[in-house]
Amino acid sequence: MKKVRVRTVYPYDVLIGNDLTAEIVSRITDNCKKVILLWDEAVFSGYVAEIGNALEKDGREVMAVSLEGGESAKTIESYAKIMKIISEFNLTRSDVIFGIGGGTVMDLAGFIASTYKRGVELIQLPTTLLAACDASVGGKNALNMGEDKNVIGTFYQPSLVAIDTRFIDALGDEVFSEGCAEIIKTGYLGDAEMIDMLEERPLIKNRGDNDYLIEIIRRCIRIKASIVEKDEHDSGPRNILNLGHTLGHAIEAESNYSIHHGQAVAMGMVHMTRIAENKGIAETGTLGRLINILTEHGLEWRCPYNINVLAGHVERDKKVRGGNLTLVVPEKFGSCVLMKVKVSEIRKWLTEN
Ligand code: GLY
């Protein structure tokens with residue numbers, strides 16, 4: 001098992017290993033009498049039973065609440081329904097809520113834990129590679145409001161994140177690739193050595209090597225933690241984690257969400273790297289290397305949409321502040337910079353180079 005300490009105002013550990021159930025249970029304090037497990041119904045129910053039984057054996061009263069995965073889990077209606085269940089279960093402020101699933105469950109469980117009785121302890125057990133390397137760490141949570149994603153939310157750090165690689169091992173290749181996009185993004189913005197490792201030994205082609213998987217996840221969490229520690233509430237430096245995301249969100253929206261998040265981020269990074277190379281900001285050859293590494297990880301890099309079409313979405317991006325949008329622009333592997341561009345000039349910036 002490996003451990004990364006996230007030194008936010010309230011610090012916590014991220015554990016990465018194979019079969020972490022006993023370790024998770026051992027970390028629950030004696031004050032906790034009741035536990036709610038919010039779990040994505042797509043997760044193997046045997047695992048939820050394993051965690052639930054271990055907690056019960058340890059003397060806690062457990063209630064498991066299954067959720068539909070996907071963005072539909074993040075509605076105000078679903079939030080209200082779960083809050084009622086938790087309240088009827090008489091969960092107190094010294095008890096614990098678990099989120100078990102992918103990114104949407106992490107988001108929902110985080111928001112519930114942060115608002116139920118003004119905050120109860122949260123333990124996140126991500127079961128996808130994407131959620132393990134991004135949503136489970138850093139304390140962002142959210143609900144959607146109609147079509148508008150992530151408009152309601154808080155920053156609320158978990159007290160523990162446990163990444164049990166049994167789940168990552170069970171993922172299909174397509175879902176695994178989605179997670180690889182987020183890993184490549186993290187290396188691109190802050191760990192050139194990890195990019196070298198992934199070029200030499202693509203993660204997706206070495207899925208049987210558990211130590212390698214754990215080491216790559218550890219490096220990702222370390223990078224993310226170091227950025228979150230500097231800017232817990234996303235007021236500046238944390239924006240760097242959005243590499244490939246502004247165009248990625250535009251691609252997701254233009255495709256009516258038929259292109260999934262990780263895949264869209266991969267295409268977004270390719271667009272942005274091409275633009276940065278053409279402008280002389282990124283080192284020549286970066287784009288070729290990026291395309292190669294994405295392809296090696298089973299990711300499509302060719303975007304079906306023209307940059308002009310995507311620019312329309314970018315102009316309406318929710319992250320616009322004071323008429324400006326901060327773009328994450330790559331210089332080379334391991335180094336990206338933040339550039340503030342006026343919304344009125346964004347189309348020109350993206351298309352003329
Ligand atoms: N997913 C980006 C962040 O946590 O800031």
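The values are calculated or read from the model by the stated rules, or taken from the named source; none is laboratory data. Being a predicted model, the structure only gives us computed values, none of them experimental. Because the Cβ atoms are built from the backbone with ideal geometry, glycine has one as well, and the counts that use them run over all protein chains shown. Ligands, DNA and RNA are stripped out before the accessible areas are found, and what is left, the full protein with its side chains, is counted by its heavy atoms. Shrake-Rupley method; radii C 1.70, N 1.55, O 1.52, S 1.80 Å.
Screening region 114-223 for helices (runs of 4 or more DSSP H) wholly inside it with 2 or more residues that are within 16 Å of the ligand (Cβ to nearest atom) and among the small types (Gly, Ala, Ser) returns the ranges 173-190. Within region 132-161, residues that are in contact (Cβ under 8 Å) with a residue 12 or more places away in the chain and open to solvent by 30 Å² or more (accessible area, probe 1.4 Å) have Cβ atoms under 8 Å from residues that are within 11 Å of the ligand (Cβ to nearest atom) and among the aromatic types (Phe, Trp, Tyr) in these pairs: LYS140/PHE155, counting only partners at least 6 apart in sequence or on another chain. Within region 190-216, residues that are in contact (Cβ under 8 Å) with a residue 24 or more places away in the chain sit with their Cβ atoms under 6 Å from residues that are part of a helix (DSSP H, G or I) and basic (Lys, Arg), at 6+ positions apart or across chains, in these pairs: ASP191/ARG219; MET194/ARG219. Considering ASN144, ASN150, the condition of being within 14 Å of the chain's Cα centre (by Cα) and among the polar types (S, T, N, Q) is satisfied by ASN150 alone.
Within region 222-236, residues that are closer than 17 Å to ALA132 by Cβ have Cβ atoms under 7 Å from residues that are away from the ligand (no atom under 11 Å from the Cβ) in these pairs: ARG222/VAL4; ILE223/GLY190; ILE223/ASP191; ALA225/VAL4; ALA225/VAL6; VAL228/VAL6; VAL228/THR8, counting only partners at least 6 apart in sequence or on another chain.
In the condition set (1) more than 14 Å from the ligand (Cβ to nearest atom); (2) touching a strand residue (DSSP E or B) at 6+ places or on another chain (Cβ under 7 Å); (3) among the aliphatic types (A, V, I, L, M), ILE240 is compliant with all but (1). THR246 - would you say it is more than 28 Å from GLY70 (Cβ to Cβ) and out of contact with any Phe, Trp or Tyr (no Cβ under 7 Å at 6 or more places or on another chain)? Here the answer is no, as THR246 does not meet what is asked.
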